[in-house]
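Each reported figure results from applying straightforward, stated rules to the coordinates on display, with no laboratory input. Here the structure is a predicted model, which is why all the values come from computation and not from measurement. Note that each Cβ is placed from the backbone with ideal geometry, even for glycine, and that neighbours are counted across all protein chains shown.
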Amino acid sequence: MKSAQTEDTLKENIATVRELLTQRKREEETEDHQSTADQEATKSPFQYQHWLELQAILKPLHIGDIAHILEILPLDDRLTVWQQVNIFRRGDVLLEVSDAVRENLIQSISEEDLLAALNLMDADDLAYIADDIPENLLKIRQETLTTEDKNWLRRAMSYEEDSVGFLMSNEMVVIYDNDALKDAAKTLRGLEELPIHNDTLFVVDRRGILRGILSLQNILLNDPNLPVHNIMETDIVYFSPQDDAGEASQAFERYDLVSAPVISDRGKLVGRLTVDVVMDYIRDEATEDVLNMAGISAEEDLFAPILNSARNRALWLLFNLGAAFFISQIIGIFEATITQLVSLAVLMPIVTSVGGNIGNQTAAIIIRGMTLGQINKENTTYLMRKELGVSALNGLVIGSIVGIFSFILYKNIALSIVISVAMLLTLILAALLGLLVPIFLHRIGRDPALGSSVIMTATIDSVGFFIFLGLASLFLVK
């Protein structure tokens, strides 16, 4: 059994791993400067002592801790540590690391090593990472599966990635509704081990139609001769393979589920969804949303090659560049105004900076509400009024502060009024964009977080400059 590490212990292990890697690098540099004869002369039984120590550190660690260590190491060190992981644990580690790190490992390790790891995975695990596995290796692994597992793998791979069917498992304990509790207990005793997070048994009829669930507690605390259908729960939460994984994750949170059955359109039991998979999905979605809001199109390995990282970030940077050219043209329209009143150039960034923050705050709240299923057509109008009210109130307060600040600097009451009004209008616009941009992206079938921040920043900057400089041209320049 592998124990989970406390934060301090894990940090100590990470520091030790890094020290061993550093020592080995120093030895390799020394060996590079020696002749072949010298290298042979200096060889000793302790030459690979560092690797033995590294293996000793990794051996008792939980799979999740090993995955964490791999994720925080540069590419070369990551591969070195991977080679020291016990071969029988590499499959589990490959499943536990993030998508970006898994992709990097699969591209970097030999086909022989990868196939050895795949051979230790069951059909559920293979389906989970099938998109990352080279097609030729996946076919080789499929040939070694049983017919039942092959069919399961094909079916699981046919579902959309954000569906319950993609996340469900075929590992479950099933009993019949006309069995007695003692038969259920006998079924459990006949297993080598319980499936992970197995808190209930699924009850079906002879056709495989789901009839209810039976908790382990009911098996232990009731008369073993009682029929299952008298004890089982029939008011249960279940899912369809086509259900959205995000909605399923909300149901797991709402009803405190550990596992739940997945049934076909005809009610036949086809799989099981568990809380660990749901938590992984929530984590991945949260990470993706954060990156998308920043204009990064996919999860990025922190230590990915420079070219890969640059390509991943290029799209929205180019969009930003185009927006910057557009903004420069807007400012150019008011060049004469700025020339006559240089203080405008000093105050311009204040208007757009605060506006951008308001827009991002509103967007974050709206995206969270959409993720939790709290926003619909019926309450959109109310939310719009509310956010406009919040931004108007903040605009009055912040606009007044900026107006007073500008008056202290430039002793120009007209300039103070103009920037106060510009701040108010820009903040109202920013809140409106923070509400409408995510909703619009959702309505057209796009991820609401995808580039929301980038789009809003460009729009708020453009319109904010136009409002401020336009008002200045009308009321300050003669």
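Mean separation of Cα pairs under 8 Å and 6+ residues apart, divided by the residue count of the stretch 214-317: what relative contact order is that in percent? Don't skip to the end; give the middle numbers.
Values: 78 pairs, mean separation 16.7, N = 104.
In percent, rounded to a whole number, it is 16.
If you take the square roots of the eigenvalues of the alpha-carbon gyration tensor of the stretch 306-475 and sort them as a ≥ b ≥ c, do you get rounded (a/c under 1.5), prolate (a/b over b/c) or oblate?
Because a/c hits 1.5 or more and a/b fails to exceed b/c, the stretch 306-475 counts as oblate.
Rank His442, Phe405, Thr459 by how far each Cα sits towards the positive end of the charge dipole of the stretch 376-478 (+1 on Lys, Arg Cβ; -1 on Asp, Glu Cβ) and give me just the farthest.
Highest projection toward the positive end goes to Phe405.
Relative contact order for the stretch 171-260 using alpha-carbon pairs under 8 Å, separation at least 6, rounded to a whole percent? Before the final figure, lay out the partial values.
Numbers: 112 pairs, mean separation 28.1, N = 90.
Relative contact order, the stretch 171-260: 31 percent.
Quick check: pseudo-label points 7 Å beyond the Cα along Cα→Cβ at Arg283 and Asn151, how many nm apart are they?
Each label point is offset 7 Å from its Cα along the Cβ direction, giving 3.4 nm.
Sequence gap at least 6, Cα distance under 8 Å: using those rules, report the relative contact order of the chain to the nearest whole percent.
Values: 576 pairs, mean separation 54.3, N = 478.
Relative CO of the chain lands at 11 percent.
Could you pull out the longest piece of the chain with no exposed loop GluC sites (Glu not before Pro) in it, calling a site exposed if DSSP puts it outside H, G, I, E, B and it has at most 14 other Cβ atoms within 10 Å?
Details: sites that count: Glu160, Glu161, Glu192, Glu193.
Longest gap between qualifying sites, sites excluded: 194-478.
Find how much the distance from Asn379 to Glu53 grows on full extension, using 0.36 nm per residue of separation minus their present alpha carbon separation; answer in nm with one decimal.
Numbers: separation 326, 0.36 × 326 = 117.36 nm, distance 6.02 nm.
111.3 nm is the gain from fully extending Asn379 to Glu53.
Using a Förster distance of 60 angstrom, determine the FRET efficiency expected from the C-beta separation of Leu471 and Glu160, and round it to 0.05. Mind dumping the intermediate values first?
Values: r = 50 Å, r/R0 = 0.83.
After rounding to 0.05, the efficiency reads 0.75.
Sort out for me the Cα centre separation of the stretch 315-370 from the stretch 427-478, rounded to whole Å.
8 Å
Considering the options Ile419, Pro305, Ala392, tell which one lies farthest towards the positive end of the dipole of the stretch 305-430, charges being +1 on Lys and Arg and -1 on Asp and Glu at the Cβ, about the Cα centre.
Going by the Cα projections, it comes out as Pro305.
For the stretch 385-417 and the stretch 214-289, what is the centre-to-centre distance using only Cα atoms, to the nearest Å?
Centre-to-centre distance over Cα atoms comes out at 53 Å.
Among Gln242, Asn178, Leu191, whose Cα lies farthest out toward the positive end of the dipole of the stretch 174-293, if unit charges sit on the beta carbon of Lys, Arg (+1) and Asp, Glu (-1)?
Of the candidates, Asn178 comes out farthest on the positive side.
How large is the charge dipole for the stretch 306-475, taken about the Cα centre, if only the Cβ atoms of Lys, Arg (+1) and Asp, Glu (-1) carry charge, to the nearest 20 debye? If you can, show how the numbers build up before the last one.
Details: 9 positive and 5 negative charges, 67 e Å.
Dipole magnitude for the stretch 306-475 comes out near 320 debye.
Once the piece of chain linking Leu317 and Leu216 is laid out straight, how much longer is it, given 0.36 nm per residue of separation minus the C-alpha distance between them? Write down the numbers at each step before the final one.
Values: separation 101, 0.36 × 101 = 36.36 nm, distance 5.47 nm.
Value of the extension gain: 30.9 nm.
Pull out the extension gain between Ala336 and Gln107, defined as 0.36 nm times the separation in residues minus the alpha carbon to alpha carbon distance; nm, one decimal.
Numbers: separation 229, 0.36 × 229 = 82.44 nm, distance 5.68 nm.
Extending this stretch completely gives an extra 76.8 nm.
So which trypsin sites (Lys or Arg not before Pro) in the stretch 200-282 pass both tests, a DSSP loop state and at most 16 other Cβ atoms within 10 Å of the Cβ?
Values: sites: Arg206, Arg207, Arg211, Arg254, Arg266, Lys268, Arg272; in loops: Arg206, Arg207, Arg266.
The qualifying sites are Arg206, Arg207, Arg266.
Mind counting lysine pairs for me in the chain? Cα separation below 19 Å, and the two need to be 8 or more apart along the chain or on different chains. Could the numbers behind the result be given before it?
Working: Lys2/Lys11; Lys2/Lys59; Lys11/Lys59; Lys25/Lys43; Lys139/Lys150; Lys377/Lys386; Lys411/Lys478.
Count of close lysine pairs: 7.
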